[in-house]
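Beneath this line is the structure, given in structure tokens, with notes to follow.
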Amino acid sequence: MRAKTKSMRKTKSTGGLWTALLLLVVAGVWSVAVGQSKLLIPMDLKQTDHLKAYGIAFWVLQRNGEVDWLLNYRGGAFMVDYSDVLARECRIRGVLFEPASVADASSIYAEVQREDNNKDVVRLEKAPRVAVYAPPNFKPWDDAVTLALEYAEIPYTKVWDEEVLSGKLAEYDWLHLHHEDFTGQYGKFYANYRFAQWYVDQQILYEKEAKRLGFKKVSDEKKAIARSIKDFVGNGGFMFAMCSATDSYDIALAAERVDICDVMFDGDPPDPDAQKKLDFSRTLAFEEFRLDMNPMRYEYSDIDIPTSEPPPIRDPNTDYFTLFEFSAKYDPVPTMLTQNHVSIVKGFMGQTTAFKKDLIKRSVTLLAQREGTEEVKYIHGNFGRGTFTWFAGHDPEDYQHAVGDPPTDLSLHKNSPGYRLILNNVLFPAAKKKQQKT
């Protein structure tokens, strides 16, 4: 009887052990399955908030996660490892997502990596450190990029002249140039706004800062800023700019050794031979342009097309530009920068509305153009180990933004194709081209 009892206890003990082991195995398999399952964030017309979707991708990267950017798949969708925390964050932010099983995810990866289509996978691995070059309490302009960053909940740091000249840009990966005039002509607002309080305050602030940093003129200081930013790009930085921060930047580089500012801007007249002394070998994107040195005109050069002065007559209902298509497998960078749920985007104006095509260097990649015209809207180029991307116009959702207009409410433009182009650039530095999905 004792032997029987002992045998029964042994059997019961062994059965309990096997049950425990089975539970552990099942739990382990479930854990692996959950760990391998994915969360797909579509970026096609089904997406409820395209702009905040970029913020979700950045949120994952901030937490040491990885994001797969599926180029040309459902508008440039994002694929990430599934977690309940991530799903909850998507719901909180109003971002549409779709759970994807291991089998579903494998099928998607197989599709985008087929050789017979124009799709591919790029892995985003590390959240870029984002900086915005802007003066303190900047007026009167709001800025489309800072609006996009704040709406998408992507953190950034403001830097200005002292930080740039002291080498602080090395602490960042990506730099946006706020609505800035690098020529030292205060945006060429003199004719219309020289008596406005914001203009007077801005000139006082700029002159005080230039003097504090050891420069006699604001124009000389801005040229030094432009050189420092160029060094940042050459050393591997990613630079993005819109509106007049694009052409005025290149003009400042070309005019590094010549005075192009009139007396009301820097206290002395410009060099009468300034045009002949421009050095286009120093510029990043433009060449052979002609300066507009009339201080009473709201224009820097003939790079801008159509000219800002006088205002062009055009119908916003028919003003569109077309995104060029690139090979996802062979040209992943321009493909990333043009990801969108539409290929034709409505136009918008600015002090620099578009770039004249025949003044763009051949080394620069054209990303978008107003079809049937010489108006190039969006360009990208390399310099040293870094890149620059310039997007003409002021605000993608405000066709003709005027001084003093209220900032755009992006909650009313959650699916803006124009603002998507801005946010493509924010994620671009996190990307690493993948050779194979494992």
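Structural remarks
- For His176, the criteria (1) over 30 Å from Ala274 (Cα atoms); (2) open to solvent by less than 10 Å² (accessible area, probe 1.4 Å) hold in every case but one, which is (1).
- All positions within the range 214-246 that are touching a residue at least 12 places away in the same chain (Cβ under 8 Å) and in a loop (DSSP other than H, G, I, E, B): Lys217, Asn235, Gly236, Gly237, Cys243
- Between Thr408, Thr387, Thr335, the distinction of being among the polar types (S, T, N, Q), in a loop (DSSP other than H, G, I, E, B) and open to solvent by less than 40 Å² (accessible area, probe 1.4 Å) belongs to Thr408 only.
- Among the numbered conditions (1) within 30 Å of Asp395 (Cβ to Cβ); (2) within 28 Å of the chain's Cα centre (by Cα), the only one that Ser281 does not meet is (1).
- Among the candidates Tyr54, Tyr82, residue that is under 20 Å from Gln339 (Cβ atoms) and not hydrophobic (A, V, I, L, M, F, W, C): Tyr54
- Of all the criteria given as (1) in a loop (DSSP other than H, G, I, E, B); (2) buried (at least 24 other Cβ atoms within 10 Å of the Cβ), the one not satisfied by Tyr399 is (2).
- Conditions (1) open to solvent by 10 Å² or more (accessible area, probe 1.4 Å); (2) in a loop (DSSP other than H, G, I, E, B); (3) out of contact with any Asp or Glu (no Cβ under 6 Å at 6 or more places or on another chain); number of the one not met by Lys276: (2)
- Considering residues of the range 150-167 that are open to solvent by 40 Å² or more (accessible area, probe 1.4 Å) and of a type in the set (Gly, Ala, Ser) only, the residue farthest from Ile92 (Cα to Cα): Ser166
- Selection status of Ala131, crowded, with 20+ Cβ neighbours inside 10 Å, in contact (Cβ under 8 Å) with a residue 24 or more places away in the chain, within 26 Å of Ala255 (Cβ to Cβ) and under 21 Å from the mean Cα position of the chain (by Cα): yes
- Qualifying position, being open to solvent by 30 Å² or more (accessible area, probe 1.4 Å) and in contact (Cβ under 8 Å) with a residue 40 or more places away in the chain, among Tyr190, Tyr249, Tyr206: Tyr190
- Candidate set: the range 372-384, residues that are hydrophobic (A, V, I, L, M, F, W, C) and under 26 Å from Ser308 (Cβ atoms); chosen: the one surrounded by the fewest Cβ atoms within 10 Å (Cβ to Cβ): Val376
- When Lys223 is tested against (1) crowded, with 19+ Cβ neighbours inside 10 Å; (2) more than 23 Å from Asp247 (Cβ to Cβ); (3) not aromatic (Phe, Trp, Tyr), exactly one condition is not met: (2).
- Residue in the range 57-67 that is among the acidic types (Asp, Glu) and not in a loop (DSSP other than H, G, I, E, B) present: no
- So Lys211, is it assigned to a helix (DSSP H, G or I), among the basic types (Lys, Arg) and under 16 Å from Thr387 (Cβ atoms): no
- For Arg420: the one exception among (1) part of a helix (DSSP H, G or I); (2) farther than 27 Å from Thr283 by Cβ; (3) open to solvent by 20 Å² or more (accessible area, probe 1.4 Å): (3)
The values are calculated or read from the model by the stated rules, or taken from the named source; none is laboratory data. If you're wondering where the values come from, they're calculated on a predicted model, not measured in any experiment. With ideal geometry, Cβ positions are generated from the backbone for all residues, glycine too; neighbour counts draw on all protein chains shown. Heads up: the accessible areas ignore ligands, DNA and RNA and are worked out on the full protein's heavy atoms, side chains in. Shrake-Rupley method; radii C 1.70, N 1.55, O 1.52, S 1.80 Å.
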